[in-house]
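Peer 1: Next up is a structure, given as structure tokens.
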Amino acid sequence: MSQVLFLSDPSQSDVSPILGMANELIIQGEKVTFFSSDEFKAPIEQIGADFKAYNQELNIFQGQKAIDEEEKPKSGLISALLEPMKFIDDILVQIRGLKFDYAVFSPSYPYANIITQLLGIPKTEQVAYN
């Protein structure tokens, strides 16, 4: 049985295709840990995957509140580009002690290459076909 890390940005168009793949791997006996936002917790846990949530303060997939009310909110993605290691470190802390055999990620996932290199595991990009 392999341990598989799933990384997805939390949008229906990205979660749905790799959720299906995660389900198939679980049926085949693989152990899946799946990162997404809280809105996808129920469907991820329903297939039998271990759900991990992005830290709300570091969630690059949603806008962040501005410190100054007159200031426009920063995009989570812009913040992540300016400070990517905060986001990556949060994921690494949450999976500390777990050993993965490979990772599967959605095409738009920004840090899959860095995370898989740090973990020393191969990666598979799930391509969605229309």
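Peer 1: Look at the range 20-50 and say how many of its residues are basic (Lys, Arg) and part of a strand (DSSP E or B). Don't jump to the end; show me each part of the working.
Peer 2: Residues of the range 20-50 that are basic (Lys, Arg), as a first pass: 31, 41.
Checking the rest, the ones that are also part of a strand (DSSP E or B) come to 31.
Of the residues in the range 20-50, 1 are basic (Lys, Arg) and part of a strand (DSSP E or B).
Peer 1: Name, by its number, the condition in (1) loosely packed, with under 15 Cβ neighbours inside 10 Å; (2) over 15 Å from the mean Cα position of the chain (by Cα); (3) at pLDDT 80 or above that does not hold for Ile121.
Peer 2: All conditions are met except number (1).
Peer 1: Given (1) at pLDDT 90 or above; (2) on the phi < 0 side of the Ramachandran plot; (3) exposed (fewer than 13 other Cβ atoms within 10 Å of the Cβ), where does Val104 come up short, assuming only one miss?
Peer 2: The single condition Val104 does not satisfy is (3).
Peer 1: Another one. Looking for whichever is surrounded by 19 or more Cβ atoms within 10 Å (Cβ to Cβ) and either under 19 Å from Pro107 (Cβ atoms) or modelled with pLDDT of 90 or more (or both) here; the options are Asp14, Asp38. Which one fits?
Peer 2: Result: Asp14 is the single residue among Asp14, Asp38 that is surrounded by 19 or more Cβ atoms within 10 Å (Cβ to Cβ) and either under 19 Å from Pro107 (Cβ atoms) or modelled with pLDDT of 90 or more (or both).
Peer 1: May I ask you to list pairs of residues, at least six apart or on different chains, whose Cβ atoms are under 6 Å apart, with the first in the range 42-65 being surrounded by 13 or more Cβ atoms within 10 Å (Cβ to Cβ) and at pLDDT below 55 and the second being charged (D, E, K, R) and not in a loop (DSSP other than H, G, I, E, B)?
Peer 2: What qualifies is Leu58/Lys86; Leu58/Asp90.
The values are calculated or read from the model by the stated rules, or taken from the named source; none is laboratory data. Model, not experiment: these values are computed from the prediction. Using ideal geometry, Cβ is built from the backbone for each residue, glycine included, and neighbour counts are taken over all protein chains shown.
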